[in-house]
Amino acid sequence: MNSARYLTIRILYPKSGHTDDILSTINKVSVAARKFEGLVEIGAWSDKEKEHIVNISLWESKEWAMKATREMHAMFADIPWIEWERKPAENFLDLVRVV
């Protein structure tokens with residue numbers, strides 16, 4: 001295990017009828033992220049019972065993740081998240097591995 005790796009988690013809460021919009025967009029972002037150096041893994045999981053989507057990314061380092069994030073924010077600035085979500089996404093950044 002490499003403790004220097006950097007994990008991000010985002011929990012999204014789709015409005016009824018917008019799950020496919022969110023998943024399609026996550027797919028586009030994931031495809032773009034795979035072109036950046038330092039990405040280890042990226043993906044999304046759906047929890048139908050709780051009606052949310054969990055999006056994760058694992059990077060070789062925080063520096064690689066932040067560089068990619070800055071560039072991707074500009075690429076995807078027009079995504080209408082507020083229109084698609086019933087409440088704002090929860091973002092877990094700066095997680096510290098404890099075990």
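A few points about this structure:
- Qualifying residue in the range 6-21 (condition: assigned to a helix (DSSP H, G or I) and not charged (D, E, K, R)): yes
- Subset tally (residues that are among the hydrophobic types (A, V, I, L, M, F, W, C) and touching a Phe, Trp or Tyr at 6+ places or on another chain (Cβ under 7 Å)) for the range 37-49: 2
- Only residues that are open to solvent by 60 Å² or more (accessible area, probe 1.4 Å) and free of Cβ contacts under 8 Å to residues at least 12 places away in the same chain were counted across the range 28-51, and they come to 7.
- Criterion violated by ALA65 - all others in (1) closer than 16 Å to ALA89 by Cβ; (2) touching a residue at least 40 places away in the same chain (Cβ under 8 Å) satisfied: (1)
- Subset of the range 72-99 that is in a loop (DSSP other than H, G, I, E, B) and hydrophobic (A, V, I, L, M, F, W, C) - its residue that is least open to solvent (accessible area, probe 1.4 Å): ILE79
- Within the range 53-67, the presence of at least one residue that is part of a strand (DSSP E or B), surrounded by 11 or more Cβ atoms within 10 Å (Cβ to Cβ) and not hydrophobic (A, V, I, L, M, F, W, C) is confirmed.
- A single entry from ARG70, ARG34, ARG5 fulfils the requirement of being modelled with pLDDT of 95 or more and either within 15 Å of the chain's Cα centre (by Cα) or closer than 20 Å to LEU95 by Cβ (or both): ARG34.
The values are calculated or read from the model by the stated rules, or taken from the named source; none is laboratory data. Note that the structure is a prediction, hence the values are computed from the model and not measured. In this analysis, Cβ positions are derived from the backbone assuming ideal geometry, glycine residues included, and neighbour counts consider all displayed protein chains. Side chains are part of the model used for accessible areas, which takes the heavy atoms of the whole protein and leaves out ligands, DNA and RNA. Shrake-Rupley method; radii C 1.70, N 1.55, O 1.52, S 1.80 Å.
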